[in-house]
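No value in this document is a laboratory result; all are computed from the given coordinates. Predicted model only: the values in this text are computed from it and were never measured. Reconstructed Cβ throughout: ideal geometry from the backbone, glycine too, with neighbour counts over all protein chains shown.
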Amino acid sequence: MPLRLAINGYGRIGRCFLRALLESPVTHDFAVVAINEPANLESMAYLTRFDSTHGRFPGSVEVADGQFLINNSPLHISHVRTPEEVDWRDIDLVVECSGAYGRRDELARFITAGCPRLLLSHPGASGDDVDATIVAGINQNSLTGHERLVSAASCTTNAIVPILDLLDREVGIDQALLTTLHSVMNDQPLIDGYHHDDLRRTRSAMQSIIPVSTGLARGVERLLPQLTGKVQAKAIRVPTLNVSAIDLTISTQRPVSAHSINALLADAARGPLKKLMAYSEAAHASIDFNHDPHSAIIDGSQTRTGGTHLVNLFVWFDNEWGFANRMLDVAGYWSQHWAQASKT
């Protein structure tokens, strides 16, 4: 019998998670049976059926007799704004995609309301606020199955951590500088307005390139503690709807060349990191990676070196679809561990 999932917050990531599940070969392992979203049912159905970024939904979406049906299966829908107003006791896993809860005391409200396990679509306020932060391909085997609060980190963390882990093991990292070029997000206005405490995020998202704050360096160090103090990061929002990039510069402990680094990354993309990472030297633009399920795509044509210990890489990633697929991976790994834990 499929495990019963609920989605709390049916925005960009919530809808992508549902769609990624239905387009995935593991769809028989899980079933989304409930969604809590304050928006009205007609809007939820419409934005499921038609998506400006990922295209039309590859199945049926209906509202009939007050029910929301996906591929003819009814989902229980609630429209409340607090976890306590939903009875989560019949759910195996709640996927928290609203982004409204980050501290442990806030997340515990779901547990108090009957939620057995909560998977976050963001890193949490800190590492101490969750029982585990999991990046697929890095530390999923650290799960015990006894966790109640798990984070799937962030889209940028999932994109860069497997690459940094590989490079640190193979060539050694002395320092790493990361600049994320991230597509616009819904905390930015279309036109200038009182939209955010960060003054830059009061400016029109579609008219400017806008630097914003980022916790990416802390996220990397949470997953790769051996790099603590070695990573600096900044983020810039760019006026595109989807697909982002990371410009990565590292100083290496061992000598490298552009050819050797590209060969290392290409081999990993064909082998142990095949599901997570791809490699290309084609003349790509960002739109080429829309709806790409990889965490990251190395653009080998952009690899540069300065001397023998400085290398610069360019990494593409679909910040919506890639991350939704990694959340699905984490849900799968976690479910395997809690199934094993229940037998012991």
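The Rg/Rh ratio for the stretch 249-337 is 1.04, where Rg is the radius of gyration of the alpha carbons and Rh is the Kirkwood radius. Here the sum of -39500 (n - 2.57) over DSSP H runs of 4 or more residues, divided by the residues of the chain, equals -8000 deg cm²/dmol at 222 nm, to the nearest 500. The stretch 196-237 and the stretch 302-333 have Cα centres lying 16 Å from one another. Could you work out which residue, out of 65, 90, 105, moves most in a Gaussian network model of the chain, that is, has the largest mean-square fluctuation with Cα springs under 10 Å? Result: 65 has the largest fluctuation of those listed. Extending 7 Å from Cα along the Cβ direction at residue 284 and again at residue 267 yields two label points whose distance is 2.1 nm. What residue among 332, 124, 307 has the largest mean-square fluctuation in a Gaussian network model of the chain, using Cα springs under 10 Å? With Cα springs under 10 Å in the chain, the top fluctuation among 332, 124, 307 is at 307.
Comparing 47, 120, 199 in a Gaussian network model of the chain (Cα springs below 10 Å), the most mobile by mean-square fluctuation is 199.
Each residue in 144, 48, 157, 180 was given a count of other beta-carbon atoms within 10 angstrom of its own, and listing them fewest first yields 144, 48, 180, 157. Among the trypsin sites (Lys or Arg not before Pro) in the stretch 1-58, those located in a DSSP loop and surrounded by at most 14 other Cβ atoms within 10 Å of their own Cβ are 56. For the stretch 252-304, the set of trypsin sites (Lys or Arg not before Pro) satisfying both a DSSP loop assignment and a count of at most 13 other C-beta atoms within 10 Å is given as 274.
Against the empirical 2.2 N^0.38 Å (N residues), the stretch 156-319 has a Cα radius of gyration ratio of 1.06.
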